[in-house]
Amino acid sequence: MTIIEAFRDPELFGRLPLFADLASWNRWLVFHKAWSALPMTADEMQIYTRHTGRQTPPTTTPSEVYVAAGRRSGKSFMAALIAVFLSCFRDYRPYLAPGERAMVLCIANDRDQAAIILRYIRAFLTDVPMLAATIERETADSIELTNRVTIAVATCSYRAVRGVTLVAASADEIAFWRVDGANPAHEVLTALRPAMATIPGALLLCISTPYSKSGVLY
């Protein structure tokens, strides 16, 4: 199943009142088609070209996606939705060792923002009965699913990815990350990539409001 099909399925995201009118989400739907390497209509191609400056959309799923979008555009909301989709609709078990769990990790600038993202994730799961049935256990910062995938949130530290197998990671508001006055984005991404290396199709999503002409997002 593609993420676009999940949006339109009345038993999945399509059951959520927020997505009753998909026309209001057309730019985000084009984004989802782009990172999923799905065909676009002529109208969607115009949107894609206007916002990316590119004439040709991806024909294969990219391993890294960078999004610069304005405030209140729904960035964290969409990052949470992608985390849920990748956790529930892809099977990573063939790539896991016995007893090993895959992780989808959402990294935020601080604990408050991480809590917001986890609330979005929990809502997507619990408001869709088909997905709610996959919840096995919850902790303060993670949700374990029956398919051996754990969705977790963390703050911006390279230590958060040690010893885990990542199938996807999102870096929320990466342009604003600060630890002791410095932006640790480069160090975190350097730690993320090896943790994703053994999973075919693993996705790294960096999404943020633009801040300055420097750093990873720039």
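Under the simplified labelling scheme, the residue 116-residue 68 pair shows an inter-label distance of 2.1 nm, with each label point 7 Å from Cα along Cα→Cβ.
Comparing 2, 145, 74 along the charge dipole axis of the chain, the residue lying farthest to the positive side is 74, per the Cβ-charge model.
With +1 on the Cβ of every Lys and Arg and -1 on the Cβ of every Asp and Glu, and nothing else charged, how large is the dipole of the chain about its Cα centre, in debye rounded to the nearest 20?
Details: 22 positive and 20 negative charges, 76 e Å.
The calculation lands at about 360 debye.
Of the residues 144, 11, the one with the largest accessible area comes first in the ranking 11, 144, computed with a 1.4 Å probe on protein heavy atoms.
Report the charge-dipole magnitude of region 57-108 in Debye, nearest 20, computed about the Cα centre from +1 at each Lys and Arg Cβ and -1 at each Asp and Glu Cβ.
That gives a dipole near 260 debye.
Calculated mean residue ellipticity at 222 nm for the chain: -10000 deg cm²/dmol, from DSSP H runs with n ≥ 4 weighted as -39500 (n - 2.57), summed, divided by the residue count and rounded to 500.
The figure for residue 41 is an accessible area of roughly 70 square angstrom, using a 1.4 Å probe on the protein chains alone. Annotation: residue 91 carries an accessible surface of approximately 80 Å², with a 1.4 Å probe and no ligand, DNA or RNA atoms counted.
I need the shape label for the chain. Rule: rounded when a/c is under 1.5, else prolate if a/b > b/c, else oblate, with a, b, c from the alpha carbon gyration tensor. Display every interim value, and only then the final one.
On the way: a/c = 1.42, a/b = 1.06, b/c = 1.34.
It comes out rounded by the Cα gyration axes.
When nucleic acids and ligands are ignored and a 1.4 Å probe is applied, residue 124 ends up with an accessible area of around 10 Å².
Using per-residue counts of other Cβ atoms within 10 Å, averaged over each peptide, order 190-199, 78-87 from highest down. Don't skip to the end; give the middle numbers.
Values: 190-199: 16.2, 78-87: 23.7.
Packing proxy ranking, top to bottom: 78-87, 190-199.
Over the chain, average the accessible area per residue using a 1.4 Å probe and give it in Å², no decimals. Working shown, then result.
Details: 11030 Å² over 218 residues.
Per-residue accessible area for the chain comes out at 51 Å².
To the nearest 20 debye, what is the magnitude of the charge dipole of region 19-106 about its Cα centre, counting +1 on the Cβ of each Lys and Arg and -1 on the Cβ of each Asp and Glu?
Details: 10 positive and 6 negative charges, 53 e Å.
The calculated dipole for region 19-106 is roughly 260 debye.
Amide H to amide H, with H built 1.01 Å from N, residue 40 comes under 5 Å of no residue 5 or more places away or on another chain. The fraction of accessible area contributed by carbon and sulfur in region 74-187 is 51 percent, rounded to a whole number (1.4 Å probe; ligands and nucleic acids excluded).
Ranking 38, 171, 105 by how far each Cα lies toward the positive end of the dipole of the chain (charges on Cβ) leaves 171 at the top. Which shape class applies to region 59-178: rounded if a/c is under 1.5, otherwise prolate when a/b exceeds b/c and oblate if not, where a ≥ b ≥ c are the square roots of the Cα gyration tensor eigenvalues? Cα axes put region 59-178 in the rounded bin. Using the alpha-carbon centroid of each, what span in Å lies between region 91-107 and region 192-212? Using only Cα atoms to place each centre, the spacing works out to 16 Å. Label reach from residue 190 (point 7 Å along Cα→C-beta): in region 141-164, amide nitrogens under 18 Å belong to 156-163.
The values are calculated or read from the model by the stated rules, or taken from the named source; none is laboratory data. Keep in mind it's a predicted model, so treat the numbers as computed, not measured. Backbone-built Cβ (ideal geometry, glycine too); neighbour counts: all protein chains shown. Side chains included, ligands, DNA and RNA excluded: accessible areas come from the protein's heavy atoms. Shrake-Rupley method; radii C 1.70, N 1.55, O 1.52, S 1.80 Å.
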